[in-house]
Amino acid sequence: MIRRIVPPLALAAVVVVALVIGGAGRDRGPRSPAAKTQAIAEDLRCPVCQGLSVADSHSPTAESMREDIRRRVDAGESAASIKAHYVGSYGEWVLLRPEATGVGVLVWVLPVGALLLAAGGLALAFRRWRRQPAMAATEEDRALVEAALANQRNEPA
Amino acid sequence: MKGALGFGGVTLGFMAAALGVVTMAVGIHRRDGRIMATGRQFVFMVLLGAVVAAGAMEWALVTHDFSIAYVVRNHARATPMLYTVAALWGALEGSILLWGLVLAGYLAVMVHRLRARASEPLVAWATLVGLIVAAFFFALMLGPANPFKPTGGLIPQDGLGPNPLLQNHVLMAIHPPMLYLGYVGMTIPFAFAVAALITGRVGEGWLLETRRATLVAWAFLSTGIILGAWWSYEVLGWGGYWAWDPVENASFIPWLTATAFLHSVVVQERRGMLRVWNLSLIMATFCLTILGTFLTRSGVLNSVHAFSESTIGAWFLSFLGLAAATGIGLIAWRGDRLRTPGRIDSPVSREGAFLANNLLFAAFAFVVLLGTVFPLLVEALRDEKLSVGEPYFDRMTVPIGLALLFFMAVAPALPWRAASGEVLRRRLGVPAWVGALTMAACAVLGARGVAQIVAFGLGAFAVAGIVRQYVLGVGATRRADPDIGWRRALPRTVAGNRRLYGGLVVHVGVVVIAIALAASMGYTKKREFRVVEGEQVTLQSHRFTYLGIKQHETGQKTTIQARVRVERDGKELGVYAPALSIFPNAPGGAAIGTPSVRTGVLRDVYLTLVASPGEDGRITLGVQLSPLVVWLWIGGGIIVCGTAIAVWPARRARRRADPGADAAEPPPRPVPSADEETLQEAPV
């Protein structure tokens, strides 16, 4: 029994330890202003580009937006308030990650809901399959196969 | 003249497709094999028409025939030859022409390969459906997307030239045809699926018929998507390769459903189950290629790729509606025949893993589709503008991608029906430990980020499982024939089950791409510097020296190059020259940045000239260090190789079937197996 349980537990322990070490480095201490600026810029759309974020774009507009975000971060403004400022000037459209309020909530809820529904459907199907007895050949089926085989033997290919 | 010739080709193509549809329909109705054989011949007439039309267009482009409006808009006398030829697919009308040509080519190959069986109902109906699709595309070229429309008014001396973005890189000549070969290839399995439903032969026949065509189309689509990413990386200059741009998504969604299909057909072949699901998947894939073309070409989106706008949207939407209604209607009509009595005994089995795989691929496709069309729907229905961009897609798709990676590691080792704990331990124990220890090693060596470490670990898990299967297979071959070394045993093993071993190679390619994605998404460092001539800046262990500017003009554009010396740890890596090109002819005098990339095995150094020298003589230099990017393209190459192994015709099997073959040669032994494991079906 012990020999069966120990290896999977040890495996799980190694995985957990690796993830703890690897995940810890990220959030230790307050994030630098540059990292905060980058994170906010990634969520905002460059208003003059074609589908690029403020962080990715090299356009002068995006550059000045990055400078503005950095100023606000340095002044202690929160990420939510900085984004709200840009929504005020450009509308909801400037957010690349739609808010989970209003109609935007659908884009988050629908996939999760659909996945849960499908997984639930599969679980139900497995339950039904388990109840349903495995198919076995009946006498009739066997006779049919026998006849077909005999037929084939009589007719050389 | 070339215009008339080309339009004649289009007309021939349309007439042949329409007559072919009628002839096939009559032949099927009267069950007359001779009429069907005639109908089949029309496919070659369609191909002839398409070749004439495409040839006429290329001729017109090469000879600067500005009496054709398309040539004026997409070509100029100074355009280099490569981009002149590539201008065929540079805009809407030309790409419809390419679509028609590729479709006619696929149909011709199909009817040629099945020439002996043209009068079988399944083949006849599939030909009919293929011809209907061809008729639609040729009708587009006769009407709203006529590539040979004459220039109105005076014939200009010179044209506008292609969109500046499209004449900047060789990949532009390869990426679109690859994508089209993939997109259009999905018509073949679609046609067979419709034919299977109409004839009521909804068993495995249509799957076997189209297996190779689907794999080939899938490989082209994969290649097209990866080349598109590469082009984006090398040309657009923002440092990334995938922006979740709606047009990128439009090619990716059918790829996702096609990939799901390639996996779920195995369950139907083996167990006879999932008939409705497989039919739905391939119909959805076809519909999504049409939707993708609608999104790309109707101008409904405002994105880098939507180069053209026209009234063609309504045509595509109607055709999409027709295709979707046909699919849903037929499946509903045949509902009773599609029910199968089988059952899946346990979720921990090969079938169970395929189901999970399909669930995840479907969810992936749904997320990308929803994120792509959601802003359009909201704008159309509520007149609000909102965006769904990279942060959304990353948040939603990274977990799905990791889950898929997990199943990719586990599934090929699972037995059919049900797996016992003992079997799982024996088959997955070592690979799982390889994965776990890889995670630990990555974390100890300083890798950060949970998603990254999980991706590395799962990648190692999957590759270890694949190596294990190869080792077992080769071992079994050698036990059966101890005289041969592994060098000869390996090809013999692979030839014994091409789908399995080819599919495993594809999986290796997917792992390579997943690791490259994780590393480059997680660990890229980028900065912008304002520098004067002679100034040095550093980023991590790299030092950059701005040496000066070089400017040169060609007929089409003015190019400003900044020369930058790159050193790592004091060792010179070379002088690179990111550039800005200004196209005065293009509307708005567009400035296009051309990055300069030093490709390395471990990391790329990606330089961009963000702004040319200002009044203070400073340039803005963009510097980016991206790890492992080159492995994205290498992974794509591995995927293509794996698919090639899987679809390679099995010559040995054919010879064995022929008793009159060379008698002196001993018959090749069937590849024996160590246990039932090596006899498993392909993972794809």
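The values are calculated or read from the model by the stated rules, or taken from the named source; none is laboratory data. Predicted model, so just to flag it, every value in this text is computed and none were measured. Cβ atoms come from the backbone with ideal geometry, glycine included; neighbour counts cover every protein chain shown.
Annotations for the structure displayed:
- Qualifying positions in the range B:1-14 - touching a helix residue (DSSP H, G or I) at 6+ places or on another chain (Cβ under 8 Å) and not hydroxyl-bearing (Ser, Thr, Tyr): B:Lys2, B:Gly3, B:Leu5, B:Gly6, B:Phe7, B:Gly8, B:Gly9, B:Val10, B:Leu12, B:Gly13, B:Phe14
- Count - residues of the range B:194-248 that are outside the structural domain of B:Thr289 (by TED's automatic domain parsing) and in contact with a Ser or Thr (Cβ under 8 Å, 6 or more places away or on another chain): 1
- Qualifying residue in the range B:261-271 (condition: away from chain A (no Cβ under 14 Å), surrounded by fewer than 19 Cβ atoms within 10 Å (Cβ to Cβ) and over 16 Å from the mean Cα position of the chain (by Cα)): yes
- When residues in the range B:362-416 are screened for being more than 9 Å from every other protein chain (Cβ to nearest Cβ) and of a type in the set (Gly, Ala, Ser), 7 of them pass.
- Residue within the range B:38-58 that is in the same structural domain as B:Leu128 (by TED's automatic domain parsing) and outside any helix (DSSP H, G or I) present: no
Rundown of residues vs (1) among the aliphatic types (A, V, I, L, M); (2) more than 7 Å from chain A (Cβ to nearest Cβ), yes/no style:
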| residue | (1), (2) |
| --- | --- |
| B:Thr438 | no, yes |
| B:Ala441 | yes, yes |
| B:Val450 | yes, no |
| B:Gly459 | no, yes |
| B:Arg468 | no, yes |
| B:Leu472 | yes, yes |
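Conditions tested, residue by residue: (1) touching a residue at least 24 places away in the same chain (Cβ under 8 Å); (2) within 13 Å of another protein chain (Cβ to nearest Cβ); (3) exposed (fewer than 15 other Cβ atoms within 10 Å of the Cβ); (4) in a loop (DSSP other than H, G, I, E, B).
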site: A:Pro47; (1), (2), (3), (4): yes, yes, no, yes
site: A:Gly51; (1), (2), (3), (4): no, yes, no, yes
site: A:Asp56; (1), (2), (3), (4): no, yes, no, yes
site: A:Glu63; (1), (2), (3), (4): no, yes, no, no
site: A:Asp68; (1), (2), (3), (4): no, no, no, no
site: A:Val73; (1), (2), (3), (4): yes, no, no, no
site: A:Gly76; (1), (2), (3), (4): no, no, yes, yes
site: A:Ser81; (1), (2), (3), (4): no, no, yes, no
site: A:Ala84; (1), (2), (3), (4): no, no, yes, no
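- Scoring A:Ala137 on the criteria (1) at pLDDT 90 or above; (2) farther than 30 Å from B:Ala365 by Cβ; (3) loosely packed, with under 11 Cβ neighbours inside 10 Å leaves a single failure, condition (1).
- Within the range B:417-436, the set of residues being at the interface with chain A (Cβ under 9 Å from one of its Cβ atoms) and small (Gly, Ala, Ser) comprises B:Gly421, B:Gly429, B:Ala432, B:Gly435, B:Ala436.
- The conditions of being more than 11 Å from chain B (Cβ to nearest Cβ), surrounded by 11 or more Cβ atoms within 10 Å (Cβ to Cβ) and of a type outside the set (S, T, N, Q) are not met by A:Val94.
- Subset of the range B:507-537 that is over 20 Å from B:Trp242 (Cβ atoms) and of a type outside the set (D, E, K, R) - its residue that is surrounded by the fewest Cβ atoms within 10 Å (Cβ to Cβ): B:Gly534
- Within the range B:344-363, the set of residues being at pLDDT below 90 and either among the acidic types (Asp, Glu) or within 19 Å of the chain's Cα centre (by Cα) (or both) comprises B:Asp345, B:Glu351.
- Condition check for B:Gly240 on (1) assigned to a helix (DSSP H, G or I); (2) without any contact (Cβ under 8 Å) to a residue 40 or more places away in the chain: one failure, at (1).
- Hits in the range B:272-286 - residues which are of a type in the set (Val, Ile, Thr) and surrounded by fewer than 24 Cβ atoms within 10 Å (Cβ to Cβ): B:Val276
- Test: residue in the range A:115-131 that is in contact with a Pro (Cβ under 9 Å, 6 or more places away or on another chain), within 11 Å of chain B (Cβ to nearest Cβ) and surrounded by 13 or more Cβ atoms within 10 Å (Cβ to Cβ): yes
- Taking the listed residues A:Leu44, A:Leu106, the one that is within 19 Å of B:Thr372 (Cβ to Cβ) and at pLDDT 90 or above is A:Leu106, with no other qualifying.
- Positions within the range B:344-361 being within 7 Å of chain A (Cβ to nearest Cβ) and closer than 18 Å to B:Ala403 by Cβ, in sequence order: B:Pro347, B:Leu355, B:Leu359
- Cβ-Cβ contacts under 6 Å between residues 6 or more apart (or on different chains), taken from a first residue in the range B:467-483 that is part of a helix (DSSP H, G or I) to a second residue that is surrounded by fewer than 18 Cβ atoms within 10 Å (Cβ to Cβ), are listed as B:Leu472/B:Ala674; B:Val474/B:Trp486; B:Val474/B:Leu490; B:Ala476/B:Pro672; B:Ala476/B:Ala674; B:Ala480/B:Pro672.
- Within the range B:417-447, considering residues that are surrounded by 17 or more Cβ atoms within 10 Å (Cβ to Cβ) and either part of a loop (DSSP other than H, G, I, E, B) or acidic (Asp, Glu) (or both), the one modelled with the highest pLDDT: B:Ala447
- Looking across the range B:99-109, the residues that are crowded, with 22+ Cβ neighbours inside 10 Å and touching a residue at least 60 places away in the same chain (Cβ under 8 Å) come down to B:Trp99, B:Gly100, B:Val102, B:Leu103, B:Ala104, B:Tyr106, B:Leu107.
- Residue within the range B:201-208 that is assigned to a helix (DSSP H, G or I), under 28 Å from B:Val22 (Cα atoms), in contact with a Pro (Cβ under 6 Å, 6 or more places away or on another chain) and in contact (Cβ under 8 Å) with a residue 12 or more places away in the chain present: no
- The range A:97-107: number of residues that are more than 8 Å from chain B (Cβ to nearest Cβ) and part of a helix (DSSP H, G or I): 2
- Against the numbered list (1) in contact with a Ser or Thr (Cβ under 9 Å, 6 or more places away or on another chain); (2) in contact (Cβ under 8 Å) with a residue 40 or more places away in the chain, B:Ala460 comes up short only at (2).
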